[in-house]
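S.K.: Starting off with a structure, shown below.
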Amino acid sequence: MMPAPRLEIDLDKIHHNACTLVERLASRGISVTGVTKVTLGSAEIAATLLRAGVSALGDSRIENIEAMRLAQVPASMTLIRSPMLSQAKRVVSHADLSFNTEIEVIRRLSLEAQKAHRTHGVVLMVELGDLREGIMPDDLIGSVRETLNLPNLVFKGIGTNLACRSGVSPDVRNMAVLSELADSIEATLGLTVDIVSGGNSANLHWALSGAKIGRVNDLRLGESILLGRETLHRQPIDGLHTDAITLIAEVIESKVKPSQPSGEIAQTAFGEAPSVTDRGHVTQTILAVGQQDVDPCGLQSPAGIEVLGASSDHLILESDNDALSVGAEVTFQLNYSALVRAMTSPFVAKVMKPVSTHNNFSS
Ligand SMILES: *Cc1c(COP(=O)(O)O)cnc(C)c1O
């Protein structure tokens, strides 16, 4: 018996998605950093991305990078969130590069790198309108200068991140600003900016639109590889699988019940007020998976099945006539939010298909 609930992770489909995006972007002169954070640094998924031709791996959590190092994943690894001061030592020991925006942090990385007799690469992130991380463009040259003066650090390049906090789309204008900043660093300081990291899955539309690419030579892709969708409008990407990862959960109750609750109505387990329309009696099914394991709003159910609600441990469905019997399994596609929670829940098994034979990197 397969464990439930479980994520079924189809490595061949992930490989296909990654290969396709790597090839399409290569024709635009752009390499791919495969982003592993949603997989919690799964060594098998990382290996799959590397076989598909990603040039490096990126993760926002040092714990995940450490896990991949421990599993001997052979790749350059970038910490793509600004390091915590409290983790600087771990960052220089395990990540080759990190994305940075604060000089205190960069100074600490230099100090820890000196102590460890290591060199650490620094990419400076620039704020281009989305108002998440980034140095203001006018302050960038100053930050590069300060970085260059610090021992055991190598200034590797610049990057930006859009479409995450505010939904600002990568476009010809903001990408041109990033290219100009790379040019101006080179002209002012007489050095080469190796990496110009243009953004995440939200940059695909811009990158593949035929627009001028300028200096951008890398994108960091997670969601588009794993879920097969672009992230500006969450449309499927032509030629990619959107079901490389699915969630399977098991029925623990199936009954015909009224569609409307009875009694005086107060808050639910998660505080929302329930809104219900009377549809008479319906077939209501409960799956053994809940808010603790998945974001119920991010589940796409099979035809004829609708998610009605969820509490911590129960997912409530309404189905067409034929009842899902106790013990039956239901398969869902997931969005990013549902996926990250399911990956993080220890109660959700992770089953790789095909059962992996490429843990061994020498093969
Ligand atoms: C998560 C993340 C990415 C990857 O984003 P996707 O939308 O999954 O492609 C890229 N860059 C940074 C800084 C991130 O935090």
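S.K.: Across the chain, how many lysine pairs separated by 8 or more positions, or lying on different chains, have Cα atoms within less than 21 Å?
M.R.: 9
S.K.: May I ask you to evaluate 6.51 cos²θ - 1.76 cosθ + 1.60, the Karplus curve with θ = phi - 60°, for each residue of the range 36-41 and list the ³J(HN,Hα) values in order in whole Hz, giving x for glycine and proline?
M.R.: So the Karplus estimates, Gly and Pro as x, are 9, 4, 5, 8, 6, x Hz.
S.K.: Counting only protein heavy atoms, what percent of the accessible surface of the chain is carbon or sulfur at a 1.4 Å probe?
M.R.: It is 51 percent, rounded to a whole number.
S.K.: Continuing with the same structure: Amide H of Leu308 versus every other amide H placed in the peptide plane: which residues, excluding those fewer than 5 positions away on the same chain, fall under 5 Å?
M.R.: Ile316, Leu317, Glu318
S.K.: Now for a separate question. GNM on the chain, C-alpha springs below 10 Å: top fluctuator among Asn64, Asn203, Asn149?
M.R.: With Cα springs under 10 Å in the chain, the top fluctuation among Asn64, Asn203, Asn149 is at Asn149.
S.K.: Compute the distance in nm between two label points, each set 7 Å from the Cα along the Cα-to-Cβ direction, one at Thr277 and one at Val177.
M.R.: Once both label points are built, they end up 4.4 nm from each other.
S.K.: Ignoring ligands, DNA and RNA, what accessible area per residue does the range 245-352 give at 1.4 Å, in Å²?
M.R.: Each residue of the range 245-352 exposes 53 Å² on average to a 1.4 Å probe.
S.K.: Averaged per residue, what accessible surface does the range 105-159 expose to a 1.4 Å probe, in Å²?
M.R.: Here the per-residue accessible area is 46 Å².
S.K.: Pop the C-beta distance of Ser31 and Arg165 into the FRET formula with R0 = 22 Å and round what comes out to the nearest 0.05.
M.R.: The calculated FRET efficiency here is 0.30.
S.K.: What residue among Thr39, Thr242, Thr277 has the largest mean-square fluctuation in a Gaussian network model of the chain, using Cα springs under 10 Å?
M.R.: Ranking Thr39, Thr242, Thr277 by mean-square fluctuation puts Thr277 first.
S.K.: Place +1 on the Cβ of every Lys and Arg and -1 on the Cβ of every Asp and Glu in the chain, take the dipole about the Cα centre, and give the residue among Leu11, Pro354, Ile62 whose Cα lies farthest towards its positive end.
M.R.: Ile62
S.K.: Additional query: Mind computing the radius of gyration and Dmax over the alpha-carbon atoms of the range 245-352? Å is fine for both.
M.R.: 13.9, 46
S.K.: Further question on the same structure: Of all the stretches in the chain, which is the longest one without any exposed loop site, taking GluC sites (Glu not before Pro) in a DSSP loop (any state but H, G, I, E, B) with at most 15 other Cβ atoms within 10 Å?
M.R.: The longest uninterrupted stretch comes out as 103-263.
S.K.: Anything in the chain that counts as a DSSP H helix reaching 20 Å or more along its axis (C-alpha) with Kyte-Doolittle mean of at least -1.0? List them, would you?
M.R.: Flagged H segments are 11-26, 172-189.
S.K.: Also: Once amide H atoms are placed 1.01 Å from N in the peptide plane, what residues at a sequence separation of 5 or more from Lys350, or on another chain, have their amide H within under 5 Å of its amide H?
M.R.: Residues meeting the criterion, in which the H sits 1.01 Å from N, are Leu7.
S.K.: In whole Hz, with x marking every Gly and Pro, tabulate ³J(HN,Hα) for the range 301-306 from phi via Karplus 6.51 cos²θ - 1.76 cosθ + 1.60, θ = phi - 60°.
M.R.: Result, ordered by residue: 8, x, 4, x, 10, 10 Hz.
S.K.: Label point 7 Å out from Ser259 along Cα-to-Cβ: which residues of the range 289-312 have amide N under 16 Å?
M.R.: Zone members listed by number: 304-309.
S.K.: Could you pull out every residue, at least 5 positions away or on a different chain, whose amide H is within less than 5 Å of the one on Gly121? Hs are placed 1.01 Å off N in the peptide plane, and Pro or chain starts have none.
M.R.: For Gly121, the qualifying residues are Leu97, Ser98, Val154.
The values are calculated or read from the model by the stated rules, or taken from the named source; none is laboratory data. Note that the structure is a prediction, hence the values are computed from the model and not measured. Heads up, the Cβs are rebuilt from the backbone with ideal geometry, glycines too, and the neighbour counts pull from every protein chain shown. Heads up: the accessible areas ignore ligands, DNA and RNA and are worked out on the full protein's heavy atoms, side chains in. Shrake-Rupley method; radii C 1.70, N 1.55, O 1.52, S 1.80 Å.
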